[in-house]
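See below for the structure under consideration.
Every read-out reported here was derived from the displayed coordinates using simple, explicitly stated rules and does not represent laboratory data. These numbers come from a predicted model, not from an experiment. Cβ atoms come from the backbone with ideal geometry, glycine included; neighbour counts cover every protein chain shown.
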Amino acid sequence: MTRSHKPLSTQFLGLTILCASCSSAALAQDCPAGGDYALAIHGGAGVILRENLSAERDAEYRHALNTALDIGQDKLTAGASALDVVEAVIISLENDEKFNAGKGAVFSDAGINELDAAIMDGSDRNAGAAAGVTTVKNPITLARAVMDKSDHVMLQSQGAEDFAKAQGLEIVDKDYFYSHRRWKQLQAKQARLKQQKGSFNRWLEDPQTKYGTVGAVVKDSCGNLAAGTSTGGLTAKKFGRVGDTPIIGAGTYADSRYCAVSATGTGEFFIRATVARDICARQEFTSETIQQSSDHLIHKTLPEMGGDGGIIAIDNDGHIAFSFNTAGMYRGSVTPKARRVAIFKGETKALPHKK
Ligand code: ASP
């Protein structure tokens, strides 16, 4: 079967080569203002139950998701590139301490916030990622800089920090990432691990674990797709553990001919199942809808392996898919026609259009 392929932005490829030393913003190709677009975001999947979320907290999460959608929608309406929108939307979620990314990142076992992020441009499958950084305020901007300004795809730890400094990115004191809530979560998790004798599998299966990774997938009005994901990883992660988020093809993937995906969940399984790439490969090689390809990975492949989590995906026609096998996933989407924000399973109501 053959899918309809939208022409890719070859101009963008030219710009990337010519502008090796330009700023990230200058690399982005602008699209027609007022054209068609689609944006989906997530703020993590996990054991998110109605009975455990106060009305106030519920409203705060929905407000944060709506704010991120507003930022993305304003940019898309003005003709911003998918890549710029992914970065801007993720920065807004990284700066919000409710989410497990940037400011609100969880603690590792050593009591440090170690951040991972990736971004991918579907127009030329260029990508950038950073892992295990501890002082970079916005890891998604670092991932973008790795893509635009280095010869590499992924930088990690001290080298990534050095690169961020050299690029003039905002560096913060490690205390910037401290929050009492996350610290208490670390203490509680470590106590549970002790009780369970610290088995690696039980550590991953702990039902108390609430994820909060953030991600975005976009189709811009040029027809290009992009994806990005940012996270603090799993609470009490050890030994410099890196999850799926910064691994291209596992937690993040974009190819403008087929689809863009951002994932959240127990990263070890997403890495082993190459979830994000597999969804796009199913778009390439089968006649499935984007929802069917996503559901296959999330409701069949992952559970067979014992994995949990969810994804947001968008296909080259701008169709959006949400799929998760957990109790909830913070999520939202916006197109010129409709906006949705939801947290729990089964929430389908579209919200009135903003403008
Ligand atoms: N996937 C992330 C990781 O394993 C965690 C999450 O999505 O909450 O690092």
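Structure data summary
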| read-out | value |
| --- | --- |
| For the chain, calculated [θ]222 nm from helices alone, where every DSSP H run of n ≥ 4 adds -39500 (n - 2.57) | -10000 deg cm²/dmol |
| Estimated vicinal HN-Hα couplings, Hz - segment 44-49 in sequence order (Karplus 6.51, -1.76, 1.60; Gly, Pro = x) | x, 10, x, 7, 10, 10 |
| Cα-based Rg / Dmax (Å) for segment 41-127 | 15.0, 44 |
| Computed lengthening from Ala33 to Ser150, 0.36 nm per intervening residue step minus Cα-Cα distance | 39.1 nm |
| Positive minus negative residues near Asp148 (Lys, Arg vs Asp, Glu; Cβ under 13 Å) | -3 |
| Label zone at Met305 (point 7 Å along Cα-to-Cβ), backbone N below 16 Å, segment 227-261 | 242-253 |
| Whole-Hz couplings from phi, Karplus 6.51/-1.76/1.60, listed for segment 110-123; x for Gly and Pro | 7, x, 10, 9, 10, 9, 10, 7, 8, 9, 9, 9, x, 6 |
| Mean shadow area of segment 282-322 over all directions, Cα convex hull, nm² | 2.8 |
| Fraction of the pair-distance distribution of segment 256-307 above 18 Å, Cα-Cα pairs, percent | 23 |
| Alpha carbon convex hull of the chain, volume per residue in cubic angstrom | 122 |
| 5 angstrom amide H check on Ala80, placed H, neighbours 5+ away | Cys31 |
| Above-threshold pairs, the threshold being 23 Å between Cα atoms, out of Lys184/Lys237; Lys75/Lys219; Lys194/Lys345; Lys103/Lys237; Lys75/Lys337; Lys165/Lys238 | Lys194/Lys345; Lys165/Lys238 |
| Distance in nm between pseudo-label sites at Gln291 and Ile112 (7 Å out along the Cβ direction from Cα) | 4.4 |
